[in-house]
Amino acid sequence: KRHYKYAEKQLSRFNTKMFNHVQSCFETNVKIKPARIRFDDKGKTAVICVSGYNGLGIYSFLEIKKDFTEYKNIVFLEIGLVDSGNFKGASELNNLEKQVIEDLAEYRKLSESFGFYTETLYSIGTDVADEIKEMSKKIKEKHMDAIFFVGQFILPKTTAFQRMLHNQSQFAIQNRLAHKGFILVMIPVRAYRS
């Protein structure tokens, strides 16, 4: 329990840092009207798998922008996860879908403020890896050479047992996408001991 609290604190701190950074980006970026941003058929396409509008997704986008400059087209992909906590009827599913759409709208706003052609895709399901595998079929129809990216939050000095306590969905996603012929790049996000 202590480890989970520590991880949650680190993630919350990181989210706050990234939200502040995004705000400063919006203040300094020259606003580009989305109507003028067109698909760049000479640039590559990055598909960023996100789990809500958070620091991990923001950091992943900014790292791709900085280190993978050949990527000119961005697709944000989010899976609304249905679990026992939110599966309480149609209204809860509608709320989940609405939240996913709002998250993706924030990512689109961020990406387009940097001048990237941006698409958003989402699905609602019970298994993130399986849903991404299914969505990859749609993506392949339009973006044959797309590369998938996902952020991996790394806590300092964790033991093997502590690593087992965390969701390892990135590796499940990597496995499913490999069967479809896609590459998944994990972007490490390090939390620092305080």
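The values are calculated or read from the model by the stated rules, or taken from the named source; none is laboratory data. Keep in mind that this is a model prediction, so the values were computed, not measured. Positions of Cβ are backbone-derived with ideal geometry, glycine not excepted, and every protein chain shown enters the neighbour counts. Side chains included, ligands, DNA and RNA excluded: accessible areas come from the protein's heavy atoms. Shrake-Rupley method; radii C 1.70, N 1.55, O 1.52, S 1.80 Å.
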Exercise. With all protein chains present, how much of the accessible area of region 44-122 (probe radius 1.4 Å) comes from carbon and sulfur, to the nearest whole percent?
Worked result: 50
For this session: Starting from region 48-82, pick out the chymotrypsin sites (Phe, Trp or Tyr not before Pro) whose DSSP state is loop and whose Cβ has at most 16 other Cβ atoms within 10 Å.
Result: Phe68
Problem set entry | Where His179, His21 fall by accessible area, highest first, once all protein chains stay in place (1.4 Å) | His179, His21
Exercise. Which of the residue pairs Lys9/Lys140; Lys42/Lys140; Lys9/Lys44; Lys42/Lys65; Lys5/Lys133 have a Cα-Cα distance greater than 28 Å in the structure shown?
Worked result: Lys9/Lys140; Lys9/Lys44; Lys5/Lys133
Exercise. Which whole-percent values make up P(r) of region 40-127 when all C-alpha to C-alpha distances are grouped in 10 Å steps starting at zero?
Worked result: 17, 46, 25, 10, 2
Exercise. What nm value, rounded to one decimal, do you get for the distance between Glu141 and Asn95 when each label is placed 7 Å out toward the C-beta?
Worked result: 3.3
